[in-house]
1. Condition first: under 22 Å from the mean Cα position of the chain (by Cα), within 20 Å of residue 15 (Cβ to Cβ) and buried (at least 20 other Cβ atoms within 10 Å of the Cβ). Can you find one or more residues in region 268-278 that meet it?
2. Check whether at least one residue in region 250-264 is more than 29 Å from residue 151 (Cα to Cα), without any contact (Cβ under 8 Å) to a residue 60 or more places away in the chain and surrounded by 15 or more Cβ atoms within 10 Å (Cβ to Cβ), and report yes or no.
3. Could you tell me which of the residues 220, 213, 202, 177 is farther than 29 Å from residue 353 by Cβ, touching a strand residue (DSSP E or B) at 6+ places or on another chain (Cβ under 9 Å) and more than 14 Å from the ligand (Cβ to nearest atom)?
4. Do we find that residue 252 is modelled with pLDDT of 95 or more, closer than 30 Å to residue 29 by Cβ, within 16 Å of the ligand (Cβ to nearest atom) and over 16 Å from the mean Cα position of the chain (by Cα) in this structure?
5. Where residues in region 154-177 are outside any helix (DSSP H, G or I) and touching a helix residue (DSSP H, G or I) at 6+ places or on another chain (Cβ under 7 Å), which of them is farthest from residue 93 (Cα to Cα)?
6. Those residues that are away from the ligand (no atom under 16 Å from the Cβ) and touching a strand residue (DSSP E or B) at 6+ places or on another chain (Cβ under 6 Å), I need them from region 223-236; list them, please.
7. Just checking: which of the helices (runs of 4 or more DSSP H) contained wholly in region 279-358 hold 2 or more residues that are touching a residue at least 60 places away in the same chain (Cβ under 8 Å), surrounded by 20 or more Cβ atoms within 10 Å (Cβ to Cβ) and within 16 Å of the ligand (Cβ to nearest atom)?
8. Can you name every residue in region 99-119 that is assigned to a helix (DSSP H, G or I) and out of contact with any helix residue (DSSP H, G or I) (no Cβ under 6 Å at 6 or more places or on another chain)?
Ligand code: FES
């Protein structure tokens, strides 16, 4: 089959993070700081990615601001011709750092927030952080860089959606992305505490529609549909090995950030293989590419060209087999697993926090 060029690279610069969010989808076992790629190695990754066809990179983590050489990394990405976005908690952003990063070629910033109420936000993040986020929002706004606010939704903040959108407006965000928790990595262990009720999701959906009408296009409001409640498989990553790739802090290359948890995937590393070979030839990137791997009912379903068979990591998390039909889909033989969880009883929101990746 013809392999299309990727267009996006998620560069996980570090797993270190000052926050300890219960919904964190990074792996349970984090990659230590001593194993991180150096700035020069990232520079090589960006050059190879641009040659391969990538046009944009998200510099993420963990918290990328923990990298003292972040401006060198930004300059390398920009120098390779990539559109460079920083994905940050805002903790550690100063006026000087913002200016240095903008000078280095940073093109936009995505800031996360957990709740509109400072105490609730810090309870979810497991760390004092709200004042730093407020300050970061002011700095990003003042820099003139495009400013996106990223909110991961779950049971403890869905009912505060109106306040969260109002907060984004007051902080001057150009765009708010509302994405439901993905139950991968650390978040999987907190699923019982994070899972919202169907009623919460439906109320939030109505709120978003009302805000969209009110805002009339003056701010972009993105609602990433909750596949468990909508009983449709999401077109995860736009398809396996189809449009984007993730490079983990130690140089491991993955078709999606959560795929490190899949057994027998044996993901390749940029320290050992060229990125072009990894993308086109490696067993990892071809494992679920296209349609030939699909089981029934996917292989005969008209939706396979748009949902690409759903999420492989979710299929593995729920059934133990990444090759099964995504149980979020109402047609999946394992759909009862999702239905039982959505309809089941709810625990009080009490998370197990990460110990802190720093
Ligand atoms: Fe890995 Fe969906 S998160 S394929």
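The values are calculated or read from the model by the stated rules, or taken from the named source; none is laboratory data. Computed from a predicted structure; not experimentally measured. Ideal geometry is used to build each Cβ from the backbone, glycine not excepted, and the neighbour counts take in all protein chains shown.
1. Going residue by residue through region 268-278, those that are under 22 Å from the mean Cα position of the chain (by Cα) are 268-270, 275, 278.
Now drop any that are not within 20 Å of residue 15 (Cβ to Cβ), which leaves 268-270.
Filter once more, so that each one left must be buried (at least 20 other Cβ atoms within 10 Å of the Cβ): 268, 270.
For region 268-278, residues under 22 Å from the mean Cα position of the chain (by Cα), within 20 Å of residue 15 (Cβ to Cβ) and buried (at least 20 other Cβ atoms within 10 Å of the Cβ): present.
2. Taking region 250-264 and keeping what is more than 29 Å from residue 151 (Cα to Cα), we get 263-264.
Those still in the list that are without any contact (Cβ under 8 Å) to a residue 60 or more places away in the chain too: 263-264.
Add one more test, that the residue is surrounded by 15 or more Cβ atoms within 10 Å (Cβ to Cβ), and what stays is none.
No, the conditions are met nowhere in region 250-264.
3. Details: 213 fails: touching a strand residue (DSSP E or B) at 6+ places or on another chain (Cβ under 9 Å); 202 fails: touching a strand residue (DSSP E or B) at 6+ places or on another chain (Cβ under 9 Å); 177 fails: farther than 29 Å from residue 353 by Cβ.
The unique qualifying residue is 220.
4. Numbers: modelled with pLDDT of 95 or more: yes; closer than 30 Å to residue 29 by Cβ: yes; within 16 Å of the ligand (Cβ to nearest atom): yes; over 16 Å from the mean Cα position of the chain (by Cα): yes.
So residue 252 passes the test.
5. 155
6. If the condition is that a residue be away from the ligand (no atom under 16 Å from the Cβ) and touching a strand residue (DSSP E or B) at 6+ places or on another chain (Cβ under 6 Å), then 223 is the only one that fits.
7. Numbers: elements: 283-286, 304-307, 312-319, 335-343.
Once the helices (runs of 4 or more DSSP H) in region 279-358 are filtered for at least 2 residues that are touching a residue at least 60 places away in the same chain (Cβ under 8 Å), surrounded by 20 or more Cβ atoms within 10 Å (Cβ to Cβ) and within 16 Å of the ligand (Cβ to nearest atom), what remains is 312-319.
8. 99, 103, 119
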